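The values are calculated or read from the model by the stated rules, or taken from the named source; none is laboratory data. These numbers come from a predicted model, not from an experiment. Because the Cβ atoms are built from the backbone with ideal geometry, glycine has one as well, and the counts that use them run over all protein chains shown.
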Amino acid sequence: MSTSTIEKTNKVELIVSGKLADNERMKVESNFLRGTIAEDLDDRMTGGFTPDNSQLIRVHGMYQQDDRDIRAERQKQKLEPLHNVMLRARMPGGIITPTQWLAIDKFAQDNTSYGSIRLTTRQTFQFHGVLKPNIKLMHQTLNAIGIDSIATAGDVNRNVLCTSNPIESALHQEAYLWATKISEHLLPKSRAYAEIWLDEEKVETTEVEPILGESYLPRKFKTTVVIPPKNDIDVHANDLNFVAISDNGKLIGFNVLVGGGLAMTHGDKTTYPRRADDFGYIPLDKTLEIAEAVVTTQRDWGNRVNRKNAKTKYTLDRVGIDVFKAEVEKRAGIKFEESRSYEFTSRGDSIGWVKGVDDKHHLTLFIENGRLLDYPNKPLKTGVAEIAKVHSGDFRMTANQNLIIAGVSEQDKANIEKIARDHGLIDDGVSTQRQDSMACVAFPTCPLAMAEAERYLPSLVTSVEGILTKHDLADESIILRVTGCPNGCGRALLAEIGLIGKGPGKYNMYLGGNKAGTRIPKIYQENLSEDALMAEIDNLVSRWSVERNNNEAFGDFVIRASIVAEVIVSVRDFHD
Ligand code: HEM
Ligand code: SF4
């Protein structure tokens with residue numbers, strides 16, 4: 001692609017001109033994702049990777065990190081930061097077998113600095129704190145059990161999500177298969193992963209990336225398959241969404257939603273969270289063509305000059321939704337039909353046992369922050385491993401960071417419940433408020449964190465529970481999400497109360513998302529200390545308890561009471 005070209009259709013700038021972002025050079029020079037990662041791996045003088053390679057290893061599923069709690073101390077001792085990597089697996093739909101579970105449990109125990117398995121908000125697991133000498137072992141351990149981490153980070157299509165719905169088992173199975181097919185179809189075709197991490201032979205090829213191209217995508221790209229009425233995977237946080245349309249329990253096609261995304265930058269009004277637009281309905285057999293056409297349109301038209309405006313959501317607003325959609329139709333060779341009707345009603349998981357239409361039992365475990373670790377008196381990680389030893393179904397990670405023990409027979413049910421209870425995996429006292437609360441990782445591992453999130457959430461929720469009880473609303477809950485920075489990993493900008501880290505102990509407060517996840521909240525107060533935050537929540541909940549209409553949800557109330565204005569079109573309303 002030429003940097004100086006500005007293609008125009010009806011005066012719309014399709015390709016942004018200017019000096020390309022440095023990541024573009026890095027991607028093109030990488031020789032299809034190889035860079036000099038292999039050389040870096042052999043360099044034991046440092047625990048880290050060169051700046052280019054530390055960007056490149058993301059496409060192989062890893063982030064270079066260090067423990068921020070000890071960074072200053074190491075600096076004093078003139079030591080380099082304690083470099084390590086976080087790995088995120090590719091796990092379309094979040095499904096994993098007991099055998100796979102036991103292998104990842106052992107690896108986490110033996111080779112990660114926290115000994116934990118983190119269930120993420122995008123239905124996969126992360127290992128934190130793996131040192132350089134163990135990175136190959138990690139990939140080879142995963143490969144031996146049929147798991148890879150290709151394209152789970154970086155400028156590519158990432159892990160494909162799929163609604164965790166164990167009840168309608170047949171429909172879920174069909175939707176899940178599409179999630180895996182889309183994931184495979186959009187993967188990088190480069191053999192770099194196999195060569196570098198699995199020591200596979202270097203084969204002379206004239207490699208091309210037919211879908212992603214030699215400079216891959218302008219920015220990360222996220223895809224989901226969602227089964228209404230649940231919007232557990234939060235379509236509006238994702239670039240491309242396939243909304244399952246079924247007839248008598250059988251999947252017949254998808255409505256396609258394009259251009260959602262949550263990341264923004266504090267103080268930069270050209271950045272904003274945005275809902276995805278409904279392009280229309282397609283029959284099942286056109287799914288891969290449409291996925292490819294959306295990805296290649298974004299590949300060619302996405303902003304490669306300014307990474308802050310590079311995501312699909314900005315491309316849509318820059319070129320126009322109709323122009324983007326027409327291009328997708330042209331590339332896929334089909335016309336979208338009118339959208340089929342559907343409704344989202346909720347996003348949470350149903351904690352506890354449910355029985356599926358296949359007569360199997362499914363147990364959803366609430367895992368606070370998705371952090372599976374052996375806590376004193378609560379050996380959660382050991383508990384899941386013990387279940388894996390006797391379980392004949394599978395495990396499903398949900399986009400709410402919970403874990404489903406799926407496909408349990410009647411005869412195994414009591415035993416599995418006993419193991420879960422004995423290890424603190426079932427806590428009957430967990431409130432709906434706690435279930436409806438979520439945080440990203442933030443400190444100590446995330447290099448971008450400005451404030452605590454995961455470590456702050458448990459006490460924050462306890463305080464909010466106290467406020468709800470004080471105002472006679474103990475049975476109610478508010479979708480509450482906290483992130484350590486405005487990047488959106490904990491999806492705070494789809495919450496009824498979204499808190500976004502501004503600095504140590506300081507948060508911006510956003511209000512007005514809804515239960516179904518179809519409304520973006522708006523800024524209410526900036527830079528609040530934890531005490532000021534609690535005072536604000538107390539005041540707002542007090543008003544809600546007195547002024548609410550029948551069963552009115554908190555997010556709907558704050559808009560009706562004009563506490564914040566509704567965000568309808570982000571580019572117009574979010575910052576006004
Ligand atoms: C510019 C935007 C973003 C950047 C630079 C970014 C960067 C990061 C980094 C560095 C981590 C690692 C944290 C750790 O595990 O220590 C992370 C975690 C994660 N991010 Fe993002 N992120 C961005 C936006 C998003 C968005 C919009 C989503 C989802 C809608 C998302 C989903 C996740 C998930 C699922 C994790 C794993 C940990 C968790 O579940 O909280 N990210 N991100
Ligand atoms: S939202 Fe920010 S602080 Fe939280 S994990 Fe993502 S990048 Fe890190």
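Computed values, structure above
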item: Close pairs (6 angstrom Cβ cut-off, 6 or more residues apart or separate chains): within 16 Å of D573 (Cβ to Cβ) in the range 256-274, in a strand (DSSP E or B) and among the hydrophobic types (A, V, I, L, M, F, W, C) anywhere; result: P273/I520
item: Conditions (1) under 23 Å from F221 (Cβ atoms); (2) free of Cβ contacts under 8 Å to residues at least 60 places away in the same chain; (3) of a type in the set (A, V, I, L, M); (4) in a loop (DSSP other than H, G, I, E, B); number of the one not met by V85; result: (4)
item: Unique residue being outside any helix (DSSP H, G or I), touching a residue at least 24 places away in the same chain (Cβ under 8 Å) and either under 26 Å from the mean Cα position of the chain (by Cα) or buried (at least 23 other Cβ atoms within 10 Å of the Cβ) (or both) when the list is G498, G490; result: G490
item: The range 127-137, subset of a type outside the set (K, R) and surrounded by fewer than 24 Cβ atoms within 10 Å (Cβ to Cβ), residue nearest to ligand 2 (Cβ to nearest atom); result: G129
item: Any pair with Cβ under 9 angstrom, 6 or more apart, that starts in the range 551-576 at a residue that is surrounded by fewer than 20 Cβ atoms within 10 Å (Cβ to Cβ) and assigned to a loop (DSSP other than H, G, I, E, B) and ends at one that is modelled with pLDDT under 95 and charged (D, E, K, R); result: A565/D576
item: Check on S190, more than 16 Å from ligand 1 (Cβ to nearest atom), of a type in the set (S, T, N, Q) and under 23 Å from F32 (Cβ atoms); result: yes
item: So L212, is it away from ligand 1 (no atom under 16 Å from the Cβ), within 30 Å of L20 (Cα to Cα) and touching a Lys or Arg at 6+ places or on another chain (Cβ under 9 Å); result: yes
item: All positions within the range 380-413 that are part of a strand (DSSP E or B) and more than 25 Å from G490 (Cβ to Cβ); result: D394, G407, V408
item: Those residues of the range 414-456 which are within 13 Å of ligand 1 (Cβ to nearest atom), touching a strand residue (DSSP E or B) at 6+ places or on another chain (Cβ under 6 Å), assigned to a loop (DSSP other than H, G, I, E, B) and under 27 Å from A388 (Cβ atoms), in sequence order; result: C440, T445, E454
item: Yes/no for P81 being of a type outside the set (S, T, N, Q), surrounded by 15 or more Cβ atoms within 10 Å (Cβ to Cβ), in contact with a helix residue (DSSP H, G or I) (Cβ under 9 Å, 6 or more places away or on another chain) and modelled with pLDDT under 95; result: yes
item: So V323, is it at pLDDT 95 or above, part of a loop (DSSP other than H, G, I, E, B) and hydrophobic (A, V, I, L, M, F, W, C); result: no
item: Where I147 falls short, out of the listed (1) within 22 Å of Q64 (Cβ to Cβ); (2) among the β-branched types (V, I, T); (3) within 15 Å of the chain's Cα centre (by Cα); result: (3)
item: Search result, residues across the range 451-475 that are of a type outside the set (G, A, S), within 16 Å of ligand 2 (Cβ to nearest atom) and under 20 Å from L494 (Cβ atoms); result: E454, Y456, L457, L460
